[in-house]
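Engineer: Before anything else, here's the structure in question.
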Amino acid sequence: MFGDHFYNKSVRNTVIAFGSLFNNIKVSRKNSAGVEIKQIKIPISYGNKAKFIRRLREEYSLTSGVEIAMTLPRIGFELSSVEYDTARKTNTLNRLKSYNSSLTTSQVKSNYSSVPYNLNFGMYIMTETVDDGLQIIEQIAPYFTPEFTVNLNLVDDLHQKVDVPIVLNSSSVESETEGAMSTSDLRSVMWTLE
């Protein structure tokens, strides 16, 4: 129905670029005197929120008698929706052209205009303490004013580089306690960024 198969990896490259923005986030741990004793690099993974929470609560057994649970803090993200953007629509019949000349041949390649879609991501930050979550949020939020633009290198001849704005739409926090309500045993703090 639609013709020849094509796959430019545009969505895949955008997902990878989004995740790589958060590769170098660290949390600092200090002793009672306020002196930094170590920095922890926060691992990031791709997957939905339910799987992220389930993996945190499950215990894994590598060998008999040894149980390992997922450690905190962690960051997870997922592509939650793909929406057509009518505000950025251009004439569909416009064509982009690229002239390629070599010693033996010269070619003109063309393609129709790009179709504007918004890729919506959910990012989940889970920590054991509120302070760890605040350290992570303070390393992310200042860059989004309200957007952060990433330059993607695409592989096709017509779109060499594309500027992709990433907009922080909202953030929320929820905490989960374990034990009796009279005690303040904090199990986890979950930040959700859209």
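The values are calculated or read from the model by the stated rules, or taken from the named source; none is laboratory data. What you see is a predicted model; the values in this text were computed from it and never measured. Quick reminder, even Gly has a Cβ in these numbers, built from the backbone with ideal geometry, and neighbours come from all protein chains shown. Just the protein is used for accessible areas: all its heavy atoms, side chains included, with ligands, DNA and RNA removed. Shrake-Rupley method; radii C 1.70, N 1.55, O 1.52, S 1.80 Å.
Engineer: Only residues that are modelled with pLDDT of 60 or more and hydrophobic (A, V, I, L, M, F, W, C): list them for the stretch 45-66, please.
Structural biologist: Ala50, Phe52, Ile53, Leu56
Engineer: Among residues belonging to the stretch 128-182 that are charged (D, E, K, R) and open to solvent by less than 80 Å² (accessible area, probe 1.4 Å), point out the one that is modelled with the highest pLDDT.
Structural biologist: If we take residues in the stretch 128-182 being charged (D, E, K, R) and open to solvent by less than 80 Å² (accessible area, probe 1.4 Å), then Asp132 is modelled with the highest pLDDT.
Engineer: Right, something else. If you go through the stretch 37-48 one residue at a time, how many are in contact (Cβ under 8 Å) with a residue 12 or more places away in the chain and open to solvent by 40 Å² or more (accessible area, probe 1.4 Å)?
Structural biologist: Here the count works out to 7.
Engineer: Given the criteria more than 15 Å from the chain's Cα centre (by Cα), closer than 25 Å to Pro116 by Cα and modelled with pLDDT under 85, does Leu186 qualify?
Structural biologist: It is false that Leu186 is more than 15 Å from the chain's Cα centre (by Cα), closer than 25 Å to Pro116 by Cα and modelled with pLDDT under 85.
Engineer: Go through the stretch 21-36 and give me each residue that's of a type in the set (Gly, Ala, Ser) and either open to solvent by less than 60 Å² (accessible area, probe 1.4 Å) or in a helix (DSSP H, G or I) (or both).
Structural biologist: Selection gives Ser28, Gly34.
Engineer: Can you find, within the stretch 1-20, the residue that is nearest to the chain's Cα centre (by Cα) among those that are of a type in the set (Phe, Trp, Tyr) and surrounded by fewer than 11 Cβ atoms within 10 Å (Cβ to Cβ)?
Structural biologist: Across the stretch 1-20, the extreme among qualifying residues is Tyr7.
Engineer: Separate question: Among the residues of the stretch 104-124, are any modelled with pLDDT of 90 or more and assigned to a loop (DSSP other than H, G, I, E, B)?
Structural biologist: No, the stretch 104-124 has no match at all.
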